[in-house]
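The values are calculated or read from the model by the stated rules, or taken from the named source; none is laboratory data. As the structure is a prediction and not an experimental result, all values here were calculated from the model. Note that each Cβ is placed from the backbone with ideal geometry, even for glycine, and that neighbours are counted across all protein chains shown. These accessible areas exclude ligands, DNA and RNA; they are computed on the full protein's heavy atoms, side chains included. Shrake-Rupley method; radii C 1.70, N 1.55, O 1.52, S 1.80 Å.
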Amino acid sequence: ARVQSRSARTVKSRTPDLKIILSGGESETEEGWYFCSTMAQHSNYIDQEVTKLQAEGAQTPFEISLDVRYEKWDLMMKFLDPFESRFMVAPDVIQLAELYDQYDFPRGRDLCNVVLREYFLAEQAAQAEMDVELLVDAVGVAYKAHLTEAHGIGQSFLKETLTVYRTTAASSQQKTPPSVRSEPTPAPVSPSPVTPARSSGTTPKSQVTS
């Protein structure tokens, strides 16, 4: 497992006082060292957990476990940087928005809201072919992560897009109706003429009188 050294994070005689243990549902875990004051500013959840540990009389360094894979946590921390946040795109939001919401990172959640809002508006203005699967995923994540503004715009745009697709499909079907195989019509059969029996001029024996 990748472990970030506590001594390596020492800054100006300050030693990190918070160890965050990451586990993405697998047996392997990752650890990272941080400063309580910094992480408490980023996450209300971490702030509450640290406050709880202090109230219980725990001594530093504190330990907090989060159900997050290290790769995603690394991205979460990366995009909290004002410079790096400018490079976040919709697929990043789909990965991270629910985690920012779950662990109450207000800045991260607000960033995701802005990125998705701009993504929806840009796609709407472009009026070109789009990745419909990405659009559907983005609207779903906006709803789950409580990105209210982005979700409102995205939901309206998705409905509009689906309506256009249905209208286009219906119009296409009307222009090119499916071919129907026609069965050949049988030729009319004329009834055969009935030829009357010819009389032989002989009276049947049963009718002869003596």
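Summary of values
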item	result
Computed FRET value (nearest 0.05) for residue 83 with residue 122, which takes r as the C-beta separation and R₀ as 22 Å	0.50
Solvent-accessible surface (1.4 angstrom probe) belonging to residue 109, in square angstrom, nearest 10	50
Most to least accessible of 46, 153 (protein chains only, probe 1.4 Å)	153, 46
Per residue value of the accessible surface for region 48-124 (all protein chains in place, 1.4 Å probe), Å²	54
In region 22-113, GluC sites (Glu not before Pro) in a DSSP loop with at most 14 other beta-carbon atoms within 10 Å	26, 28, 56
